[in-house]
Amino acid sequence: MKYGEKEIKEFDVNKDLEIWPNENKKDYLIKITLPEFMALCPRSGYPDFAEIYIEYTPDEYVVELKALKLYVNSFMFKYISHENSANDIYDVIWDKIKPKYLKLVANFKPRGNVHTIIEIDSSKQ
């Protein structure tokens, strides 16, 4: 197994998702795009691909980007639905850093003539 595969397969969100103190007290928006999301369909095992867009206004903490990338990449080995993968990523970020605002959009590539977009926005909760 190559080092990247090992890092992704062994990633434990509870101990490996690094968060850092937010040293800035003003409100600002962080926008992150993860264009190579992949997970496995829980029914067929076929791969599902998506672009994940995250934007948030930090409060006390920010998420470290390499750790976020490894966490999102760890889904490539999981059998999980579109809805559950988007909600899992949103919930982990929300619970770990407790931002002032968080929005996640999971734009799944069409498969079987179906195009799915999952959007979760803390301002609409």
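Some points to look at:
- All told, PHE108 falls short of being aromatic (Phe, Trp, Tyr), free of Cβ contacts under 8 Å to residues at least 60 places away in the same chain and under 15 Å from ILE52 (Cα atoms).
- Hits in segment 78-95 - residues which are assigned to a helix (DSSP H, G or I), in contact (Cβ under 8 Å) with a residue 24 or more places away in the chain and over 17 Å from GLN125 (Cβ atoms): HIS82, SER85
- Screening the candidates GLU55, GLU36 for the property of being within 27 Å of GLN125 (Cβ to Cβ), charged (D, E, K, R), surrounded by fewer than 17 Cβ atoms within 10 Å (Cβ to Cβ) and within 12 Å of the chain's Cα centre (by Cα) yields one hit, GLU55.
- Per-region count, segment 43-75, residues closer than 20 Å to ILE19 by Cβ and either of a type in the set (A, V, I, L, M) or part of a helix (DSSP H, G or I) (or both): 15
Bear in mind that the values in this text are calculations on the coordinates, not laboratory data. Note that the structure is predicted; figures quoted are calculated from it, not measured. Note that each Cβ is placed from the backbone with ideal geometry, even for glycine, and that neighbours are counted across all protein chains shown.
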